[in-house]
Amino acid sequence: MQDIDEIIRYFPNQLYQLLKNVSLQNQAIQPQLQEIRIRVNRPIILKLRQADILIDYKISQTEIMQTLEKLCENSIYAYKNQICNGYLTIKGGHRIGLTGTAVVEDGKIINLKYITSFNFRIARQILGCGNKFLEEIINKEENTIYNTLIVSPPGKGKTTVLRDVIRRISNGIEEMNFNGKTCGVVDERGEIAAIYKGMPQNDIGIRTDVIENISKSKGIKMLIRSMSPEVIACDEIGSKEDIDAIRRSYDFRSKGRFYNAWKRYE
């Protein structure tokens, strides 16, 4: 119940009780639940791995705003940058996509008002899911790793695999005689380490340093200057600035000990 309760506690009381009852009545829902989709004046949709469950509850605009205020801990202004990027990240690494009316100034989105939809994406840590990829990533001869991209369609577990690979590389891999590496993670959207009030909610290894809620271009530069990482990992490469940052970091680390995961921009 813990995963889903971390999310539904942000909903208005009536919807919270409804979803809690649904999840308790059908325990099979919880491990399969991938998304909770909420749209103004339309049914709630629970997206499972193989099917959708429609709940006949039409949320109002007022309830949408109540949910947003809870997500932002009653300080919407403090989360304005994330909102302008179309998402919020909460405790546990769960990401909430949102849509509404964009306010554009000088070609940039400066606000998103009249929120109409939420997409609560459930994040889960699966220890060991990256094991089958290690043979392709580890350079055994030099006790380092290859430059690596992880690519797949949306929702196929790229971030989950990335997180576990970071953990193994950071801790060291005894069965491969691979020594643990100092890892730097640029967690721009807070989905990899899921830091909450300074504490990572996910296991990302004993030699891993994380910088969160910062662009990859700035975060990579800061990690190189301050933490001397042997490995750098990031998620969601989706702009020219991200690519330029990766190229600069690779040039800086002439030995090429650079790891990054590329997730198609969604």
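Just for the chain, what percent of DSSP beta bridges are antiparallel, to the closest 5? Write out the running numbers ahead of the final one.
Details: 30 of 39 bridges.
Antiparallel bridges make up about 75 percent of those DSSP assigns within the chain.
Of 157, 57, 176, whose Cα points farthest to the positive end of the dipole of the chain (charges on the beta-carbon: +1 Lys, Arg; -1 Asp, Glu; origin at the Cα centre)?
Checked the options; the winner is 57.
Using the beta-carbon distance between residue 209 and residue 113 and R0 = 35 Å, what value does 1/(1 + (r/R0)^6) give for FRET efficiency, to the nearest 0.05?
Working: r = 37 Å, r/R0 = 1.05.
About 0.40, to the nearest 0.05.
Calculate, in nm to one decimal, what residue 197 and residue 54 gain on full extension: separation in residues at 0.36 nm each, minus their alpha carbon distance.
Details: separation 143, 0.36 × 143 = 51.48 nm, distance 3.46 nm.
The span from residue 197 to residue 54 would gain 48.0 nm if fully extended.
Roughly how many nanometres apart are two label points built 7 Å out from the Cα toward the Cβ at residue 41 and residue 79?
Distance between the two pseudo-spin positions: 2.5 nm.
Please report the relative contact order for the chain, taking Cα pairs under 8 Å with a sequence separation of at least 6, and give it as a percent rounded to a whole number. Mind showing how you got there, number by number?
Details: 484 pairs, mean separation 37.9, N = 266.
Once normalised by length, the contact order is 14 percent.
Indicate the gyration tensor shape class of the stretch 131-252 (rounded, prolate or oblate), computed on the Cα atoms with a ≥ b ≥ c the square roots of the eigenvalues: a/c under 1.5 is rounded; otherwise a/b larger than b/c is prolate and the rest oblate.
Here the stretch 131-252 falls in the rounded category.
Starting from 0 in steps of 10 Å, tell me what percent of the Cα-Cα pairs of the chain lands in each bin.
Each 10 Å bin holds this share of Cα pairs: 6, 28, 32, 21, 10, 2, 0.
Every number here is computed from the coordinates shown, using simple stated rules; none is lab data. Everything numeric in this text was worked out from a predicted model, so none of it was measured. In this analysis, Cβ positions are derived from the backbone assuming ideal geometry, glycine residues included, and neighbour counts consider all displayed protein chains.
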